[in-house]
Amino acid sequence: MTVPGAMGPGAAAAKRALSIAVVQGGPSAEAEVSRASAANVASALAFAGHRVVRLELDAFIAESLRTGGYDVVFPVAHGAVGEDGSLQGVLEVLELPYVGSDVLASALAMHKRVARVLLRDAGLPVAKGIALGRGEGAGARAAADRARREVGARLVVKPSAQGSAIGVARLDEGVPVADLAHAIEAVWAIDECALVEHFARGREVTCAVLGPFGAGAPKPIGAGASKALPLIEILSPRDPFYSYEARYTPGRSVHVCPAPFPKALAEKVQRIALEAHAVLGCRDLSRIDFVVGDDGAPKAITLLEVNTMPGMTATSLYPEAAAAAGFPMPVLCDAWANAALERGSAARVAARPLPR
């Protein structure tokens, strides 16, 4: 792996080489994406001088981690079990330091139904929408009628707890209500909750957030508060939006970094991203997705979701934004691993004896 301006092999000598388990895969629709991300992360960590093993997120993961003698765990499992707090809970029980958000923040961000309530209550600009639980009410047709009545005619339907645009459907004005009901049913087939939100017809934008970091952060990154990286505008000329295929097929999407926005508008999006990162309690990294603009309101900002373990593949957005900010993958991954080691496992409170 050759990265201009990055540390060379073995350059982590100033800090000892760590034994790091990179966890990938799992029982998720995004398992293959996770494995591609994990390969990129493992390569970057090895380039930075660490000893790296990739482990599959399966029924044997706890024992593999317990007996492996690892200094740090780097979860790169997207979606169910890996990103929703479940894996993080195992790591807490094993008292292993790990990269990324903790159990609570991971669970909150993964479940968009809950996250949107917290973000809205914090005054952040989430889309108008409703949550429709599977088995609630009188079925998909009644749910579609309710969505049209309460949200509007232009809608996005998406699962509450999936990522990578899996299950997402966008429906413009004039689409028959039967099509909306079908989209809701399709989401219920893979998730217990369908979110139906206003479809903001604007520009797709993402903002990567880095940190916060303690005193041991490397010089290119620096210690202190979380940082918002340059915005990326996402263009999907062959797809109606940034779909699963557009995300992971080389050449199928165009990323413009930094996004061509006026300075004041770009900074406003970055501020909202930092606030969302903080509201959900994220740490180390996150990526916040937006739509900028809507009919008649070119500067309107709609916060879509917070991703606590964004993709790290060769076509992923987070590494691209970080590179634009001057942080190549080996520097980033080394910083995250050492931040996890410095943070250690969660503090424990000694058991109190029962009163006699």
**Request:** Residue by residue through segment 75-129, note down the ones that are closer than 24 Å to G214 by Cα, without any contact (Cβ under 8 Å) to a residue 60 or more places away in the chain and not hydrophobic (A, V, I, L, M, F, W, C).
**Result:** G85, Q88, G89
**Complete:** Counting only residues that are on the phi < 0 side of the Ramachandran plot, of a type outside the set (V, I, T) and open to solvent by less than 30 Å² (accessible area, probe 1.4 Å), segment 132-172 contains a total of 15
**So V151, is it under 15 Å from H111 (Cα atoms) and β-branched (V, I, T)** = no
**Message:** Out of the strands (runs of 3 or more DSSP E) lying entirely within segment 13-106, which hold 1 or more residues that are aromatic (F, W, Y) and surrounded by 17 or more Cβ atoms within 10 Å (Cβ to Cβ)?
**Reply:** 72-75
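Determine, yes or no, whether L303 is in contact with a Pro (Cβ under 8 Å, 6 or more places away or on another chain), over 26 Å from K219 (Cα atoms) and open to solvent by less than 10 Å² (accessible area, probe 1.4 Å).
Criteria met by L303.
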**Request:** For segment 294-304, state whether one or more residues are farther than 16 Å from I232 by Cβ, touching a helix residue (DSSP H, G or I) at 6+ places or on another chain (Cβ under 9 Å) and of a type in the set (A, V, I, L, M).
**Result:** no
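Which residues, taken from segment 138-163, are among the charged types (D, E, K, R) and assigned to a helix (DSSP H, G or I)?
R141, D145, R146, R148, R149, E150
Conditions tested, residue by residue: (1) of a type in the set (K, R); (2) assigned to a loop (DSSP other than H, G, I, E, B).
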residue	(1), (2)
R238	yes, yes
P258	no, yes
I272	no, no
P310	no, yes
**Item:** Those residues of segment 282-295 which are within 13 Å of the chain's Cα centre (by Cα) and either within 22 Å of R343 (Cα to Cα) or among the small types (G, A, S) (or both), in sequence order
**Value:** C282, R283, D284, L285, S286, R287
**Message:** Of everything in segment 150-172, what is under 16 Å from G202 (Cβ atoms) and not hydrophobic (A, V, I, L, M, F, W, C)? Give them in sequence order.
**Reply:** G152, R154, R170, D172
**L180, sole failed condition from (1) buried (at least 17 other Cβ atoms within 10 Å of the Cβ); (2) without any contact (Cβ under 8 Å) to a residue 60 or more places away in the chain; (3) out of contact with any helix residue (DSSP H, G or I) (no Cβ under 6 Å at 6 or more places or on another chain)** = (3)
**Complete:** Of all strands (runs of 3 or more DSSP E) fully inside segment 164-225, the set with 3 or more residues that are among the hydrophobic types (A, V, I, L, M, F, W, C) is 193-198, 203-210
**Prompt:** Inside segment 276-300, can you point out the residues that are of a type in the set (D, E) and surrounded by fewer than 18 Cβ atoms within 10 Å (Cβ to Cβ)?
**Reply:** D295
**Fill in**
Taking segment 324-356 and keeping residues aliphatic (A, V, I, L, M), out of contact with any Asp or Glu (no Cβ under 7 Å at 6 or more places or on another chain) and crowded, with 20+ Cβ neighbours inside 10 Å leaves M329, V331, L332, A335, A337, A340
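The values are calculated or read from the model by the stated rules, or taken from the named source; none is laboratory data. Keep in mind the model is a prediction, meaning the values are calculated, not measured. Here Cβ is always computed from backbone atoms with ideal geometry, including for glycine, and neighbour counts include all displayed protein chains. Just so you know, the surface numbers come from the protein's heavy atoms only, side chains and all, with ligands and any DNA or RNA stripped out. Shrake-Rupley method; radii C 1.70, N 1.55, O 1.52, S 1.80 Å.
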